[in-house]
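Enquirer: A single structure is presented below for examination.
The values are calculated or read from the model by the stated rules, or taken from the named source; none is laboratory data. What you are looking at is a predicted structure, and each value in this text was computed from that prediction instead of being measured. With ideal geometry, Cβ positions are generated from the backbone for all residues, glycine too; neighbour counts draw on all protein chains shown.
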Amino acid sequence: MINKDVLIIGAGPAGMSAALYLARSKYSFEIVEKNMIGGKLNITTRIDNYPGVPSTDGFTLADTMKKQLESFNIKVKIDEVIDISKEKDGFYKVFTKNEQYLVKAIIVATGTETKKIGISNEDILVGKGISYCAVCDAFFFRGKNVLVFANERKGYLESLYLSQVVGKVYLVSDKDQDDLENNLSKLKSLENVEFISPYKITKFNGEDYLTSVEIENIETKERKTIDVDGCFPLIGEVPPTYFLNKLSLVKNRDRIVVDEKCLSKGDNPGIFAAGDIIDKNLNQVVTACNDGAIAATSTIKYLNSLK
Ligand SMILES: Cc1cc2nc3c(=O)[nH]c(=O)nc-3n(C[C@H](O)[C@H](O)[C@H](O)COP(=O)(O)OP(=O)(O)OC[C@H]3O[C@@H](n4cnc5c(N)ncnc54)[C@H](O)[C@@H]3O)c2cc1C
C-alpha cells in the first residue's frame, strides 16, 4: 500500500497542470496515466489557440508539458485506476492495475474518450485525415471535401460549422432524413452539404493518408465510395468513469458536476475533478489547464483544513 496525500488520475493537460501546482506545495502526490502522457494532445494535429505557444502540434505540446513536469522532479506513473473506495476517517483507497494507494484527496482528470466507428484502419488514420473534433480541426480542411458521420444534434451542429469552412460536406447518417429535418433544417438547405442516409461507414481507404470512405445503405445494402480529404465521425464522447462507481458523484451528461472550486458535488470530501471530465461548456487545452490549477489549489486548501 502506497500512502500519499493526493492522487491525480490522468496526465492530460488538466492532470499535468494540477501536478505543477501540487509540486510547489508541501503535500505528497502521485500522478498516474493509463496510456500516453499528454492525453488527447497526442491525437491533435495542430494547436493554434494555446497562448504562449504559437502554432504547434499536440504531440510537441504534450512533450513540452512533460519536460516541465520533469523539471519539477515529477514522474508520471503509467498505470490504470480501476476502482476507488471510501475508507474511514476521510481516506480513499485507490486500486490501480499494479498498486493500491491510500490517499486523502483525489483529482480526477481522466478526460473523455471519443466514440469510434470501430473498423479497421481507423486508428491508423487518426490525425491523417480522420478527426473527431470539427471545431478543432476544420481549419486544416479549408476548401476541401469532407465526410461527416453523425446521428445526433451535436454532430449536425458541428457539420454546420464545417460547412462554413470546408469545400463540401457529405453528411452521412444512419438515421433518416426526417431526423435531420427535425433537428436542423438549415443544414439541409445549404448548397455544399449533401445528406446521405440511412448509411453506415464500412471502410476507410488510404495508407499514409485518408483517400476515401466506403459506406453501406443499412436497408438495401447498396455500397458507395466517397473520395474525401477528411472524415469526422461525430458520434459523441464517453467519459471514463467506470472506476468511480462506488462514489456518490453527481453527474450530468455522464460528466462530473463540480463547484467553482472544482470540488465534486455529492458526499465525497476531497474528490476534485478537472478538464473534459467535468460538466462544462468548453473543452479545450486552456480550460483543462485552468481547471487543473483550480483543482490543485482547492486540494491544498482542503488538506490544510484537515490539520
Ligand atoms: C482531434 C482533437 C483536436 C483538438 N484540438 C484542440 C485545439 O486545437 N485546441 C484546444 O485547445 N483543444 C483541442 N482539443 C481538445 C483538447 O485536446 C482537450 O480539451 C484536452 O486535452 C482535455 O484535457 P484533459 O486533461 O481534461 O483530458 P485528456 O487530454 O483526455 O487527458 C485525460 C487522460 O486521462 C487518462 N485516463 C483516463 N482514464 C484513466 C484511468 N482510469 N487511469 C489513469 N489514466 C486515465 C487518459 O489516458 C488521458 O491521457 C482537441 C481534441 C481533439 C480530440
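Enquirer: Being on the phi > 0 side of the Ramachandran plot and among the polar types (S, T, N, Q) is the filter; apply it to segment 51-104 and report the residue that is farthest from the ligand (Cβ to nearest atom).
Expert: The selected residue is 73.
Enquirer: Go through segment 66-116 residue by residue and tally those that are out of contact with any Phe, Trp or Tyr (no Cβ under 8 Å at 6 or more places or on another chain) and small (Gly, Ala, Ser).
Expert: Here the count works out to 4.
Enquirer: I'd like to check something: does segment 25-34 contain any residue that is more than 14 Å from the ligand (Cβ to nearest atom), free of Cβ contacts under 8 Å to residues at least 24 places away in the same chain and over 19 Å from residue 283 (Cα atoms)?
Expert: Scanning segment 25-34 turns up at least one residue that is more than 14 Å from the ligand (Cβ to nearest atom), free of Cβ contacts under 8 Å to residues at least 24 places away in the same chain and over 19 Å from residue 283 (Cα atoms).
Enquirer: Of all the residues that make up segment 22-45, how many are crowded, with 21+ Cβ neighbours inside 10 Å and either within 13 Å of the chain's Cα centre (by Cα) or at positive phi (or both)?
Expert: 5
Enquirer: Condition check: away from the ligand (no atom under 16 Å from the Cβ), of a type outside the set (A, V, I, L, M), buried (at least 16 other Cβ atoms within 10 Å of the Cβ) and in the same structural domain as residue 215 (by TED's automatic domain parsing). Does residue 168 satisfy that?
Expert: Numbers: away from the ligand (no atom under 16 Å from the Cβ): yes; of a type outside the set (A, V, I, L, M): yes; buried (at least 16 other Cβ atoms within 10 Å of the Cβ): yes; in the same structural domain as residue 215 (by TED's automatic domain parsing): yes.
Yes: the conditions hold for residue 168.
Enquirer: While we're here: Name, by its number, the condition in (1) within 12 Å of the ligand (Cβ to nearest atom); (2) β-branched (Val, Ile, Thr); (3) over 16 Å from the mean Cα position of the chain (by Cα) that does not hold for residue 119.
Expert: Exception for residue 119: condition (1).
Enquirer: Which number in (1) out of contact with any Asp or Glu (no Cβ under 9 Å at 6 or more places or on another chain); (2) away from the ligand (no atom under 16 Å from the Cβ); (3) part of a helix (DSSP H, G or I) marks the one condition that residue 136 misses?
Expert: (2)
Enquirer: Only one of (1) within 19 Å of the chain's Cα centre (by Cα); (2) more than 12 Å from the ligand (Cβ to nearest atom); (3) of a type in the set (Gly, Ala, Ser) is not met by residue 127, so which one is it?
Expert: (2)
Enquirer: Next up: Would you mind stating whether residue 48 is within 11 Å of the ligand (Cβ to nearest atom), more than 17 Å from the chain's Cα centre (by Cα) and in contact (Cβ under 8 Å) with a residue 12 or more places away in the chain? Before the answer, list the steps.
Expert: Values: within 11 Å of the ligand (Cβ to nearest atom): yes; more than 17 Å from the chain's Cα centre (by Cα): yes; in contact (Cβ under 8 Å) with a residue 12 or more places away in the chain: yes.
Yes.
Enquirer: Hey, another quick one. Quickly run through segment 261-307 and pick out the residues that are farther than 19 Å from residue 28 by Cα, within 16 Å of the ligand (Cβ to nearest atom) and of a type outside the set (A, V, I, L, M, F, W, C).
Expert: The answer is 264, 275, 276, 279, 280, 281, 283, 284, 287, 290, 291.
Enquirer: As an exercise: evaluate residue 174 against (1) surrounded by 22 or more Cβ atoms within 10 Å (Cβ to Cβ); (2) not in a helix (DSSP H, G or I) and give the number of the one condition it does not meet.
Expert: Every condition holds for residue 174 apart from (1).
Enquirer: Okay, moving on. Take the residues of segment 3-14 that are more than 11 Å from the ligand (Cβ to nearest atom) and assigned to a strand (DSSP E or B): which is nearest to residue 93 (Cα to Cα)?
Expert: Step one: list which residues in segment 3-14 are more than 11 Å from the ligand (Cβ to nearest atom), which gives 3-6.
Next cut, assigned to a strand (DSSP E or B) only: 3, 6.
Numbers: 3: 10, 6: 11 Å.
It comes out as 3.
Enquirer: Moving on. Tell me, which strands (runs of 3 or more DSSP E) lie completely within segment 199-304 with 1 or more residues that are buried (at least 21 other Cβ atoms within 10 Å of the Cβ) and of a type in the set (A, V, I, L, M, F, W, C)?
Expert: Filter on segment 199-304 gives 199-205, 212-217, 230-234, 271-273.
Enquirer: Being surrounded by 16 or more Cβ atoms within 10 Å (Cβ to Cβ), within 10 Å of the ligand (Cβ to nearest atom) and more than 18 Å from the chain's Cα centre (by Cα) is the requirement here; does residue 108 meet it?
Expert: The answer is no for residue 108.
Enquirer: Test residue 19 against the stated conditions and say whether it is more than 9 Å from the ligand (Cβ to nearest atom), within 22 Å of residue 262 (Cβ to Cβ) and buried (at least 16 other Cβ atoms within 10 Å of the Cβ).
Expert: On the way: more than 9 Å from the ligand (Cβ to nearest atom): yes; within 22 Å of residue 262 (Cβ to Cβ): yes; buried (at least 16 other Cβ atoms within 10 Å of the Cβ): yes.
Answer is yes for this residue.
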